[in-house]
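Okay, structure first, notes after.
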Amino acid sequence: MKFSLIVVLAGLLNISLINSCEMARSINCVRTGCSGEICADDEFASICIFRPEFECYREAVCERQADGKCGWTHTEASQKCLDGTKNGAALQ
């Protein structure tokens, strides 16, 4: 009954429920994956491996990029961390 009422109201107000859901999805990106190493439109599981650089993504921002896809925007701290892991340095 509640869903029917929402659909009727949406029709009366000329609102597309599908477009509203797609718009919300297009705005938000989520941190996902077993270690939070993936930035994507939707949550999903990864293969749960751990790499030292995954810790660096805690400092990065998961957001929509210029190409319209979700991706990481690195902060100074996340980039420094990634550079350290590439050089074999321990994470701090």
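Taken together, the values in this text are just the output of simple stated rules run on the coordinates, not laboratory data. It should be emphasised that the depicted structure is a prediction, and the values quoted were computed from it without experimental measurement. So basically every Cβ, Gly included, is an ideal-geometry build from the backbone, and we count neighbours across all protein chains shown.
Structure data summary
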{"read-out": "Fully extended contour minus Cα-Cα distance, from ALA40 to GLN79, at 0.36 nm per residue", "value": "12.1 nm"}
{"read-out": "Normalised alpha carbon radius of gyration of the stretch 28-86 [divisor 2.2 N^0.38 Å]", "value": "1.09"}
{"read-out": "Inter-site label distance for ASP67 and LYS86 at 7 Å from Cα along Cβ, in nm", "value": "1.8"}
